[in-house]
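The values are calculated or read from the model by the stated rules, or taken from the named source; none is laboratory data. Owing to the predicted nature of the structure, the values given are computational and were not obtained by experimental measurement. Cβ coordinates were reconstructed from backbone atoms using ideal geometry, including for glycine residues, and neighbour counts include every protein chain displayed. Just the protein is used for accessible areas: all its heavy atoms, side chains included, with ligands, DNA and RNA removed. Shrake-Rupley method; radii C 1.70, N 1.55, O 1.52, S 1.80 Å.
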Amino acid sequence: MTVSADVDRWLFGEAWTGSQIPDHVTALCDTIGPRWSGTEAEWRTIDYIRSVLEGYGLDRVDVEEFDFVSWSWSKADAWVLVDQADRFDLDILPFIRCPSFQVDAQVVDVGFGTQREIDQAGPLSGRIALMAMSHEPFSEPIPPAYRLRQVAAAGATAAIVIDPKTGGRREYHSAHDSRDPDFDHPPLPCVSATREDAARLRRTPAARIHLDVETTSPRVKSANVHGVLEGEHWPEEDLVLGGHHDTVFGTPGGNDNSSGTIAVIETARVLAHLRKALGKRPGRSIHFVTYAAEEQGFHGAGQFVSRHYAAGHRPRLALNLDELSAGPMKGIVLGFDHLRLFVQEQLDSMGDGLACHVMAQLDNSSDHFPYLYRGIDAAHLWRWRFRSRHADADFHHEPADTADKLNVRELKEYVAQLSRLMLRLSQVEPDAWPQLGVSAEEAAARVVAERGSVVRVF
Ligand SMILES: [Zn+2]
């Protein structure tokens with residue numbers, strides 16, 4: 001089965017002329033704003049997405065609740081007393097999942113936190129390590145979480161991590177490896193500081209810093225929103241198009257991830273409308289999902305996979321949309337290589353020069369990871385240029401990731417291309433689909449082997 005040029009034209013036209021993207025941008029970024037999972041603002045987001053999807057006439061829309069241990073902070077103070085008369089305050093953020101702590105200790109500069117630098121820094125016991133988040137340029141890159149683990153092992157009581165951004169910008173960070181469930185998260189109490197504050201700290205010899213951080217870890221309720229457009233020929237076979245609807249604290253999440261959330265709901269609108277207008281249905285079922293709690297460890301995607309795909313049933317492919325403010329669509333990036341030629345053929349049939357790539361590692365940076373971890377075929381979009389971040393995609397996890405970071409025209413094009421791609425993938429005869437993922441054991445072994453490696457997604 002193929003998708004005719006008429007249908008392609010209709011999809012492109014509808015994605016542009018019927019677009020509701022500006023309304024969704026206003027609702028998510030301006031009316032609701034920051035939506036940390038488990039908060040009342042996230043529940044307003046969930047209600048909004050549910051009612052929008054219901055309005056499109058999908059076959060089913062469910063709000064799938066779950067609970068999990070969340071985290072929040074109420075105090076994050078840091079100051080240095082140079083002498084009795086001279087005090088300066090630092091602008092800090094606690095790392096996600098940082099415990100409450102209070103410490104007054106000397107600061108030791110450990111550079112990038114490589115073992116060599118830690119050894120040279122002198123005794124760390126009972127002291128606060130000052131560590132650059134970026135990679136030491138001359139050696140094999142080590143993820144910051146692993147460098148912080150080395151700093152903790154050397155006896156530091158806390159770490160101040162220098163955000164690589166400039167101009168007083170700093171964002172929320174976490175220090176763990178989702179490929180390792182036993183990784184201490186974070187390995188020691190951590191806060192991030194701006195590059196400018198850290199430079200001043202470095203200019204203050206033998207500075208003693210006072211850190212005072214209060215956090216809590218409440219159990220909260222959250223939910224994924226799940227809409228289904230049933231397939232005409234193979235309704236029991238699934239394709240998944242998803243993206244997370246939550247943000248970190250204090251940001252309206254224009255790029256991260258109103259862009260992906262809106263592309264999911266707009267693609268649902270366009271394909272549901274295609275059925276109404278032309279009677280054209282997908283061959284297999286398309287599941288549209290907005291995930292909760294991506295920013296807290298992919299809880300929503302993990303819940304979705306356990307709920308629907310734990311008992312042997314697997315989707316053909318799950319596509320994850322995260323941070324699409326990166327210029328026009330360039331292609332998709334698979335986790336496992338066996339679908340590469342097959343997906344490239346689908347992209348070639350669209351005639352827009354889109355490319356299919358395969359990540360060298362199972363990418364644990366977003367909601368496709370819970371799928372990959374179980375050996376399920378999953379992909380994300382080739383949305384960054386990989387060698388450096390797109391200027392707008394450089395905004396995430398910070399207050400300036402506002403609505404203007406989301407380019408409406410580009411997002412319309414994403415929706416058109418995703419509608420065309422999902423429809424094509426839905427119509428491939430089951431026999432022509434190469435293979436259903438890899439075994440869960442094989443995937444899990446790969447994940448273990450890849451622990452500690454740096455995944456190049458930025
Ligand atoms: Zn994101």
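Residues in segment 258-299 that are among the charged types (D, E, K, R), more than 12 Å from the ligand (Cβ to nearest atom) and open to solvent by 10 Å² or more (accessible area, probe 1.4 Å): how many? Break it down stepwise before answering.
Step one: list which residues in segment 258-299 are among the charged types (D, E, K, R), which gives 266, 269, 275-276, 280-281, 284, 294-295.
Among the residues that remain, those that are also more than 12 Å from the ligand (Cβ to nearest atom) are: 266, 269, 275-276, 280-281, 284.
Retained after the next criterion (residues that are open to solvent by 10 Å² or more (accessible area, probe 1.4 Å)): 269, 275-276, 280-281.
Number satisfying all stated conditions: 5.
Can you tell me how many residues in segment 191-200 are assigned to a helix (DSSP H, G or I), of a type in the set (A, V, I, L, M, F, W, C) and closer than 22 Å to A145 by Cβ? If you could, list the steps in order and put the result at the bottom.
Going residue by residue through segment 191-200, those that are assigned to a helix (DSSP H, G or I) are 195-200.
Applying the additional criterion that residues be of a type in the set (A, V, I, L, M, F, W, C) yields 198-199.
Remaining after also requiring closer than 22 Å to A145 by Cβ: 198.
Summing the residues that are assigned to a helix (DSSP H, G or I), of a type in the set (A, V, I, L, M, F, W, C) and closer than 22 Å to A145 by Cβ in segment 191-200 gives 1.
Go through segment 201-237 and report how many residues are more than 30 Å from T45 (Cα to Cα), in a strand (DSSP E or B) and open to solvent by less than 50 Å² (accessible area, probe 1.4 Å).
Let us first name the residues in segment 201-237 that are more than 30 Å from T45 (Cα to Cα), namely 201-212, 232-234.
Imposing the further condition that a residue be in a strand (DSSP E or B) reduces the set to 208-212, 234.
After this cut, where a residue has to be open to solvent by less than 50 Å² (accessible area, probe 1.4 Å) as well, the list is 209-212, 234.
Adding up the residues that qualify gives 5.
Here are some residues: M329, M350. Which one is crowded, with 21+ Cβ neighbours inside 10 Å and not in a helix (DSSP H, G or I)? Don't jump to the end; show me each part of the working.
Working: M350 fails: crowded, with 21+ Cβ neighbours inside 10 Å.
M329 is the lone residue from the list that is crowded, with 21+ Cβ neighbours inside 10 Å and not in a helix (DSSP H, G or I).
Output yes when any residue across segment 418-429 is in the same structural domain as T251 (by TED's automatic domain parsing), in a helix (DSSP H, G or I) and in contact with a Ser or Thr (Cβ under 6 Å, 6 or more places away or on another chain), and no when none is.
Here is the first cut: in segment 418-429, the residues in the same structural domain as T251 (by TED's automatic domain parsing) are 418-429.
Then keep just the ones that are in a helix (DSSP H, G or I); that gives 418-427.
Those still in the list that are in contact with a Ser or Thr (Cβ under 6 Å, 6 or more places away or on another chain) too: 418-419.
Yes, some residue in segment 418-429 is in the same structural domain as T251 (by TED's automatic domain parsing), in a helix (DSSP H, G or I) and in contact with a Ser or Thr (Cβ under 6 Å, 6 or more places away or on another chain).
If we scan segment 426-441, do we find a residue that is away from the ligand (no atom under 16 Å from the Cβ), under 22 Å from the mean Cα position of the chain (by Cα), over 29 Å from C29 (Cα atoms) and aliphatic (A, V, I, L, M)?
no
For the condition of a type in the set (S, T, Y), out of contact with any helix residue (DSSP H, G or I) (no Cβ under 6 Å at 6 or more places or on another chain), open to solvent by 10 Å² or more (accessible area, probe 1.4 Å) and not in a helix (DSSP H, G or I), what is the one hit in S74, S51? First the steps, then the outcome.
Values: S51 fails: not in a helix (DSSP H, G or I).
Exactly one residue qualifies, and that residue is S74.
Looking at segment 331-345, I want the residues that are closer than 18 Å to F369 by Cα and have a partner that is of a type in the set (D, E) with Cβ atoms under 9 Å, at least 6 apart or on another chain. Which pairs are those?
V333/D363; L334/D377; G335/D363; G335/D377; F336/D377; H338/D377; L339/D377
Within segment 303-332, how many residues turn out to be within 15 Å of the ligand (Cβ to nearest atom) and either in contact with a helix residue (DSSP H, G or I) (Cβ under 7 Å, 6 or more places away or on another chain) or at pLDDT below 95 (or both)?
Step one: of segment 303-332, the residues within 15 Å of the ligand (Cβ to nearest atom) are 319-326.
With the extra rule that they be either in contact with a helix residue (DSSP H, G or I) (Cβ under 7 Å, 6 or more places away or on another chain) or at pLDDT below 95 (or both), the set shrinks to 321-326.
Qualifying residue count, segment 303-332: 6.
Can you work out which of the residues in segment 238-257 that are outside any loop (DSSP other than H, G, I, E, B) and more than 10 Å from the chain's Cα centre (by Cα) is farthest from the ligand (Cβ to nearest atom)? Working first, answer last.
The initial filter retains those residues of segment 238-257 that are outside any loop (DSSP other than H, G, I, E, B), namely 238-244, 254-257.
Keeping just the survivors that are more than 10 Å from the chain's Cα centre (by Cα) gives 238-242, 254-255.
Working: D238: 23, L239: 21, V240: 17, L241: 15, G242: 12, G254: 11, N255: 8 Å.
Filtering first and then ranking leaves D238.
Quick one: which of S174, S178, S134, S139 is in contact with a Ser or Thr (Cβ under 7 Å, 6 or more places away or on another chain), open to solvent by 10 Å² or more (accessible area, probe 1.4 Å) and hydroxyl-bearing (S, T, Y)? Outline the logic, then answer.
On the way: S174 fails: in contact with a Ser or Thr (Cβ under 7 Å, 6 or more places away or on another chain); S178 fails: in contact with a Ser or Thr (Cβ under 7 Å, 6 or more places away or on another chain); S134 fails: in contact with a Ser or Thr (Cβ under 7 Å, 6 or more places away or on another chain).
Criteria check complete, one pass: S139.
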